[in-house]
Amino acid sequence: MSDKKVATSPDDRTVIGITFGNSNSSVAHTVDDKAEVIANEDGDRQIPTILSYVDGEEYYGQQAKNFLVRNPKNTAAYFRDFLGKDFKSIDPTHNHASAHPEDANGAVTFTVKDKEGEDAEPSKLSVDEVAARFFRRLVGSASDYLGKKITSAVITVPTNFSDKQKSALIAAATAADVEVLQLISEPVAAALAYDARPDTEVKDKIVVVADLGGTRSDVTVLASRSGMYTVLATAHDYEFHGAALDKVLMDHFAKEFLKKNPKSDPRENARSLAKLKLESESTKKALSIGANASFSVESLADGIDFASTINRLRYEMIARGVFEGITRLVSSVIKKAGLDVLDIDEVILSGGTSHTPRIASNLAAVFPESTAIQSPSTSATAVNPSELQARGAALQASLIEMYEAEDIDQSTHAAVTTVPHITNAIGVVSRSPSGEDVFIPIVQPETAVPTRRTVFVPAPKDGGDVLVRIVEGNTHIKVTQPAPKAAAANGGSRAAKVEDADDSDADESDSEEEEDDDEEKREKVWKIGATVAEAAIRGVKKGGKVEVTINVNADLSVIVTTREVGGKGGVRGVISA
Ligand code: ATP
Ligand code: MG
């Protein structure tokens, strides 16, 4: 497979953003710099990633999904993750109720009857071919909607997509006559969709993106520094996801059905099972909005109709194991990044399963109040989690559409991929009123380089020498056990402050200091690390200030400049970190 791309001249492009999932795909475009998800001819914005063939006719999306009941053998589903993989390394678990992947000399193929006529031979379609056909339909409907042919796209991919998987995806899009401007990672697309909102102030922050889909959950910790995203840690889970929640409801309703009809287990017959699954998924979605939902299937098994209801409390009880698995997954990735929940400024819930209120509230319970939990049930301004990735991709597409194809990788890499960054914070040591040395961060950890920050250190009250010590800093979590009686065990030891708008988040944990509950108190405190530079500015006048500028170069070397504000000269140090 080659990386051949269709190259379109920037003037002739019509661009979109695409997210192509195992369960659903979605397309978005921008109108006046705002991203909008495009509905297909069925009115769907989340389009099931499924193709089905009936009498030589090709169906895709929701229509194809409905054929899982009557025509499963000629319906190809859950194939995205097979792109660029050998047959031996795929997990076909989710394909048991549709066309099975087969081994064709190591390549993954599906055998479906895609031609008309009783005795037409079935075709062996490679997964690349299936993906290309699906792309053609997806992009075709979006072209119809826009009234002009779409030429180019930014497509999102999971953070663990290998180069082989990426080239297979590019090849599939190319075969569908779509120029791939860029592949961007799914969590970054989700973060972009939030950060690019016109009313959003872009600040430095650490963001967790929990992408909870149908067949996988991917959690990523991102550092967003000056509008650049750095991936700090990722985890991929194939056990706690939307399909697992469907399964919980399938078992619940199957058991209820069995009570009345002990001889007819709908899970033992393929068609009944498919009906059970489809309806369980709808019931699950309804439970994201309402406190009750109905379940109703005509002829569920052995010709017997079945109707029931379930309330959200009951659902949350039976699905607890899955919900808890998701919470654990999120906690584990934060740990993997070497961080603590107190370090996380924002949690973005992305993917269809993120509509589930209980998942969001369970996560909210793990994080401090200062962490913003972006999900429909926890934030009035949340963006639809099912739309985030397509929107982010569309925004990125509109940013880069004017570049020539060969310039895109270079000119746009930095904005959305891993860039060099510092690991520890860099800051100054300051003396607190209680006489302790405290660390004041100037450049936050995980900041992408090159970068430059300036702070002002006040002179002693009556003027005099100012010693500036620039050090590395890292955080650790200080745990204070509740005092037996109300006793302020540790009065504010972090009083020192630097007049700098940049380091506003250094004080965040202070706001919780007064909380008077029985729980142990956990706060983020800085530890002073290796000294980077020291400078003494002599005889600073009363009320004067010393300006400290830290430049971190692209090669991670650090240049520190200190000077008295209004004074002459300065001290300059070059340090390699
Ligand atoms: P994957 O690649 O993990 O299979 P995806 O990225 O293709 O998934 P998404 O659309 O993000 O797909 O997620 C699909 C899952 O989200 C399905 O299990 C679907 O049932 C579930 N889902 C969609 N909407 C809701 C909702 N409103 N409430 C609960 N779950 C929902
Ligand atoms: Mg997904």
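The values are calculated or read from the model by the stated rules, or taken from the named source; none is laboratory data. Keep in mind it's a predicted model, so treat the numbers as computed, not measured. Counting neighbours? That spans all protein chains shown, and the Cβs are built from the backbone with ideal geometry, glycine included. Accessible surface areas use protein heavy atoms only, side chains included; no ligands, DNA or RNA. Shrake-Rupley method; radii C 1.70, N 1.55, O 1.52, S 1.80 Å.
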(request) Please figure out what share of the DSSP beta bridges in segment 149-261 is antiparallel and state it in percent, rounded to the nearest 5. (result) 75
(request) Please list PHE253, PHE87 in order of solvent-accessible area, largest first, computed with a 1.4 Å probe with all protein chains present. (result) PHE87, PHE253
(message) Going Cα to Cα from LYS545, which aspartates and glutamates come in below 15 Å? Please leave out same-chain ones fewer than 8 positions away.
(response) ASP462, ASP465, GLU499, ASP500, GLU564
(request) Report, please, the projected area of the chain averaged over directions, based on the convex hull of its C-alpha atoms, in nm². (result) 32.3
(request) Tally up the carbon and sulfur contribution to the accessible surface of segment 208-326 as a whole percent, 1.4 Å probe, everything protein left in place. (result) 52
(request) As a check on your grasp of the helix formula, calculate [θ] at 222 nm for the chain: sum -39500 (n - 2.57) over DSSP H runs of n ≥ 4, divide by the residue count, round to the nearest 500. (result) -8500 deg cm²/dmol
(request) State, as an integer percentage, the relative contact order of segment 169-278 based on alpha-carbon contacts under 8 Å between residues 6 or more apart. (result) 15
(request) Kindly identify segment 1-113 as rounded, prolate or oblate by the Cα gyration tensor criterion: order the square roots of the eigenvalues as a ≥ b ≥ c, call it rounded if a/c is under 1.5, otherwise compare a/b with b/c, prolate if a/b is larger, else oblate. (result) oblate
(request) Can you check what the net charge comes to around PHE306, using other residues whose Cβ is under 10 Å from the Cβ of PHE306 (Lys, Arg +1; Asp, Glu -1)? (result) -2
(message) Exceeding 27 Å between C-alpha atoms, which entries from my cross-link table qualify? They are LYS203/LYS541; LYS336/LYS521; LYS284/LYS524; LYS65/LYS259; LYS149/LYS277.
(response) LYS203/LYS541; LYS284/LYS524; LYS65/LYS259; LYS149/LYS277
(message) Are there any GluC sites (Glu not before Pro) in segment 315-408 that are in a DSSP loop and have at most 10 other Cβ atoms within 10 Å? List them by number.
(response) GLU369
(message) Based on alpha-carbon atoms only, what is the radius of gyration of segment 242-320 relative to the globular estimate 2.2 N^0.38 Å?
(response) 1.01
(request) May I ask you to rank SER162, SER152 by accessible area, largest first, using a 1.4 Å probe over the protein chains only? (result) SER162, SER152
(message) Sort VAL540, VAL69 by heavy-atom solvent-accessible area, probe 1.4 angstrom, most to least.
(response) VAL69, VAL540
(request) Report the charge-dipole magnitude of segment 27-82 in Debye, nearest 20, computed about the Cα centre from +1 at each Lys and Arg Cβ and -1 at each Asp and Glu Cβ. (result) 360
(message) With every protein chain left in place and a probe of 1.4 Å, what is the accessible surface of MET402, to the nearest 10 Å²?
(response) 120
(request) Using the Karplus curve 6.51 cos²θ - 1.76 cosθ + 1.60 with θ = phi - 60°, work out ³J(HN,Hα) for each residue of segment 316-321 in order, rounded to whole Hz, and write x for Gly and Pro. (result) 5, 6, 6, 9, 3, x
(request) Rounding to the nearest 20 debye, state how big the charge dipole of segment 242-320 is about its Cα centre with +1 on each Lys and Arg Cβ and -1 on each Asp and Glu Cβ. (result) 220
(message) Could you tell me which residue out of LEU467, SER296, PHE79 lies farthest along the dipole of the chain toward its positive end? Charges go on the beta carbon: Lys and Arg +1, Asp and Glu -1, centred on the Cα centre.
(response) LEU467
(message) Need the C-alpha centroid separation for segment 257-315 versus segment 117-149, integer Å.
(response) 32
(request) Using DSSP, restrict attention to beta bridges with both residues in the chain and report what percent are antiparallel, rounded to the nearest 5. (result) 85
(request) Let me know the Rg and Dmax you get for segment 313-360 when you use only its Cα atoms, in Å. (result) 12.2, 36
(message) Below 13 angstrom from the Cβ of ALA270, what's the summed charge of the other residues (Lys, Arg +1; Asp, Glu -1)?
(response) +4
(message) So for the chain, averaging the separation of alpha carbon pairs under 8 Å that are six or more residues apart and normalising by length, what relative contact order in percent results?
(response) 13
(message) Projecting each Cα onto the charge dipole of the chain (Lys/Arg +1, Asp/Glu -1 at the beta carbon, about the Cα centre), which of GLY140, SER361, VAL127 comes out farthest on the positive side?
(response) SER361
(message) Could you compute the net charge surrounding GLU256? Neighbours are other residues with a C-beta less than 14 Å from the C-beta of GLU256; K and R count +1, D and E count -1.
(response) +1
(message) Among VAL457, VAL31, THR549, which residue has its Cα furthest toward the positive end of the charge dipole of the chain, with +1 on Lys/Arg Cβ and -1 on Asp/Glu Cβ?
(response) VAL457
(request) For segment 1-141, report the accessible area per residue in Å² (1.4 Å probe, heavy atoms, rounded to an integer). (result) 48
(request) Treat every Asp and Glu Cβ in the chain as -1 and every Lys and Arg Cβ as +1, leave all other atoms uncharged, and give the resulting dipole magnitude about the Cα centre to the nearest 20 debye. (result) 700
(message) Shape verdict for segment 188-346, please, from the Cα gyration tensor: rounded (a/c under 1.5), prolate (a/b greater than b/c) or oblate.
(response) prolate
(request) Would you please classify the overall shape of segment 123-184 from the alpha carbon gyration tensor, given that a ≥ b ≥ c denote the square roots of the eigenvalues, rounded means a/c under 1.5, and beyond that prolate means a/b larger than b/c while oblate covers the rest? (result) oblate
(request) Scan the chain and hand back the longest stretch that contains none of the trypsin sites (Lys or Arg not before Pro) lying in DSSP loops with at most 15 other Cβ atoms within 10 Å. (result) 264-460
(message) What whole-number distance in Å separates the alpha-carbon centres of segment 428-483 and segment 189-251?
(response) 32
